[in-house]
Amino acid sequence: MARFVNLLAESRESPRKADIAAIVHGPATNILLGNATYHAKTGAGNPNLALIRRLRESGVESHVLGQALAERGFDPEAVASQIQVELTALITLVTYQLWGFALIPE
């Protein structure tokens, strides 16, 4: 995601707020956990939160899927405060595509 935002900047394009939505699921779910939960799991604070904050300042919304959280035993309140929790990838990805977003898989 950061690479995409950097490429936009190099091409003199600047995303507006919410022009980009990162939908996170699967093994990557842990990167969106709040510090307390991340620390309880790994013994360290979440090093990803600074990057997530910078991406948000650049117009990127971050979302995590509730089903992915449940599969890993996390409560939705365990995610960082700036992260939006969505129900499922099927609904979220299709909805964003209907709104005109392009799907750029990993």
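The values are calculated or read from the model by the stated rules, or taken from the named source; none is laboratory data. If you're wondering where the values come from, they're calculated on a predicted model, not measured in any experiment. Quick reminder, even Gly has a Cβ in these numbers, built from the backbone with ideal geometry, and neighbours come from all protein chains shown.
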Do any helices (runs of 4 or more DSSP H) lying entirely in the range 15-101 carry at least 3 residues that are surrounded by fewer than 18 Cβ atoms within 10 Å (Cβ to Cβ) and among the hydrophobic types (A, V, I, L, M, F, W, C), and which ones are they?
-> 89-98
Between a first residue in the range 9-31 that is under 12 Å from LEU65 (Cβ atoms) and among the β-branched types (Val, Ile, Thr) and a second residue that is part of a helix (DSSP H, G or I) and at pLDDT 75 or above, which pairs have beta carbons less than 7 Å apart while being 6 or more apart in sequence or on different chains?
-> ILE23/ALA89; ILE23/THR92; ILE23/LEU93; VAL24/ILE31; VAL24/LEU32; THR29/ALA68; THR29/LEU69
State which residue pairs qualify: first residue more than 11 Å from ILE31 (Cα to Cα) and without any contact (Cβ under 8 Å) to a residue 24 or more places away in the chain and inside the range 42-58, second residue aromatic (Phe, Trp, Tyr) and in a helix (DSSP H, G or I) in any location, beta carbons under 9 Å apart, and separation of 6 or more residues or different chains.
-> ALA44/TYR38
Could you figure out which of (1) in a helix (DSSP H, G or I); (2) at pLDDT 90 or above; (3) surrounded by 13 or more Cβ atoms within 10 Å (Cβ to Cβ) isn't true of LEU8?
-> (2)
